[in-house]
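Written below as structure tokens is the structure these notes are about.
The values are calculated or read from the model by the stated rules, or taken from the named source; none is laboratory data. As the structure is a computational prediction, the values presented were derived from the model and not from experiment. In this analysis, Cβ positions are derived from the backbone assuming ideal geometry, glycine residues included, and neighbour counts consider all displayed protein chains. Side chains are part of the model used for accessible areas, which takes the heavy atoms of the whole protein and leaves out ligands, DNA and RNA. Shrake-Rupley method; radii C 1.70, N 1.55, O 1.52, S 1.80 Å.
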Amino acid sequence: MTVLLAFLAHPDDESFGIGGTLAKYARAGVDVHYLCATRGESGTVDDHRLEGFADVAELRDGELACASKALGLKSYEYFGYRDSGMQGSTHNAHADSFAQADADEAARRLTEVVLRLRPDVIITHDQYGGYGHPDHIACHKATLRMYEQLWGVRISSGPRGEAIAVSGDASGPISPGDLKAPRLYYSTLPKTFVKWGVRFLRLTGQNPRGFGRNKDIDLVKIASWDLPVTARIDIRAVADIKREASACHASQQMPQQNQSLFQRIFFRRQTVESFTQAYPAFPANGRITSDLLRD
Ligand SMILES: [Zn+2]
């Protein structure tokens, strides 16, 4: 039995970001689990959507249950932190927010989950938090801390942002339960595409520094973050499933008529999801792979 664990920050990251990949592996018989760091309670939601729900967290839990079913996940569970919102948000300062969390404590909690589920592969956010979200960065930090504590594997970033496993060819301590260090991937945004988006938005008179549903995504900054893609997963065969799962997160989607052409193209025409291999270290001059389970 092969086990894949996705450790991401919010209800919707599993669908909007890597839904095609999760669905593809689930369909292939892999046990796919989602560990969701927060309940997404700081997300903005139109009032009418909250009818019948106690709060935003309950609404978004219902959406995640729907998406989890669509994607064919074996399980999803929450990690117990509070959604921090984007930088500058007052939610950042909340004592329970993931952005405020002690990385050692988060790594300890993650270890418990990992020893229970025994994943062969872990997917988490990259060091930039995808588009800079503090909770995404906190997932990344907790994961790296766990690799260090559990297996003595230190993963750092190279000059181009690439992941480099500094040590850990089984040289670290063997974890309780004799669990080998799982393969580790970061979900990444392909930068050529982001750069193309910046040009497209400027040409069409839109602001690439205020992108997205909440106009808080700075595509110009994101385009400057360099992280090499080492794996591309073809999601064409499961594109419908990804769309279905994404549609479950109705409260987080921009109404179609408000979407820019760029967003519509991105979501309709996306054929691959991109990843950076962090562990084991990706060989220098290695070829881009098409499977997260093997080299
Ligand atoms: Zn997120």
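Figure legend. Inter-residue proximity from the range 32-49: first residues more than 30 Å from Arg118 (Cα to Cα), second residues open to solvent by 50 Å² or more (accessible area, probe 1.4 Å), beta-carbon distance below 7 Å, spacing 6+ or different chains. Indicated pairs: Ser42/His91; Thr44/Asn214. Are any residues in the range 47-71 in contact with a Lys or Arg (Cβ under 7 Å, 6 or more places away or on another chain) and open to solvent by 40 Å² or more (accessible area, probe 1.4 Å), and if so, which ones? Listed by number, the list holds a single entry, Asp61. Suppose we keep only residues that are more than 16 Å from the chain's Cα centre (by Cα) and modelled with pLDDT of 95 or more within the range 26-46. Which one would you say is surrounded by the fewest Cβ atoms within 10 Å (Cβ to Cβ)? Per the criteria, the residue is Gly29.
Please find, among Leu64, Leu8, Leu73, the residue that is away from the ligand (no atom under 13 Å from the Cβ) and at negative phi. Only one candidate qualifies: Leu73. Taking the criterion of being at pLDDT 90 or above and hydrophobic (A, V, I, L, M, F, W, C), would at least one residue in the range 176-185 satisfy it? Checking the range 176-185: at least one residue is at pLDDT 90 or above and hydrophobic (A, V, I, L, M, F, W, C).
Scan Gln87, Gln100 and give me the residue that is at pLDDT below 95, surrounded by fewer than 19 Cβ atoms within 10 Å (Cβ to Cβ), more than 16 Å from the ligand (Cβ to nearest atom) and not hydroxyl-bearing (Ser, Thr, Tyr).
On the way: Gln87 fails: more than 16 Å from the ligand (Cβ to nearest atom).
Residue meeting the stated conditions: Gln100.
Note on the range 231-242: among residues that are part of a helix (DSSP H, G or I) and touching a Ser or Thr at 6+ places or on another chain (Cβ under 9 Å), the one that is surrounded by the fewest Cβ atoms within 10 Å (Cβ to Cβ) is Arg236. If you scan the range 11-47, which residues turn out to be of a type in the set (D, E, K, R) and within 9 Å of the ligand (Cβ to nearest atom)? Result: Asp12, Asp13.
Within the range 13-34, can one find any residue that is touching a Pro at 6+ places or on another chain (Cβ under 8 Å), over 21 Å from Ala247 (Cβ atoms) and not aliphatic (A, V, I, L, M)?
Yes, the conditions are met somewhere in the range 13-34.
Checking each residue in the range 128-142 for being open to solvent by less than 20 Å² (accessible area, probe 1.4 Å) and either in a loop (DSSP other than H, G, I, E, B) or away from the ligand (no atom under 15 Å from the Cβ) (or both) picks out only His133. Restricting attention to the range 27-84, the residues that are acidic (Asp, Glu) and over 30 Å from Arg108 (Cβ atoms) total 3. Can you find even one residue in the range 178-194 that is assigned to a loop (DSSP other than H, G, I, E, B) and small (Gly, Ala, Ser)? Looking through the range 178-194, at least one residue is assigned to a loop (DSSP other than H, G, I, E, B) and small (Gly, Ala, Ser). Residues that are within 14 Å of Phe79 (Cβ to Cβ) and not basic (Lys, Arg) within the range 140-154 comprise His140, Ala142, Thr143, Met146, listed in sequence order.
Counting only residues that are on the phi < 0 side of the Ramachandran plot and without any contact (Cβ under 8 Å) to a residue 24 or more places away in the chain, how many does the range 276-291 have?
So the count comes out to 3.
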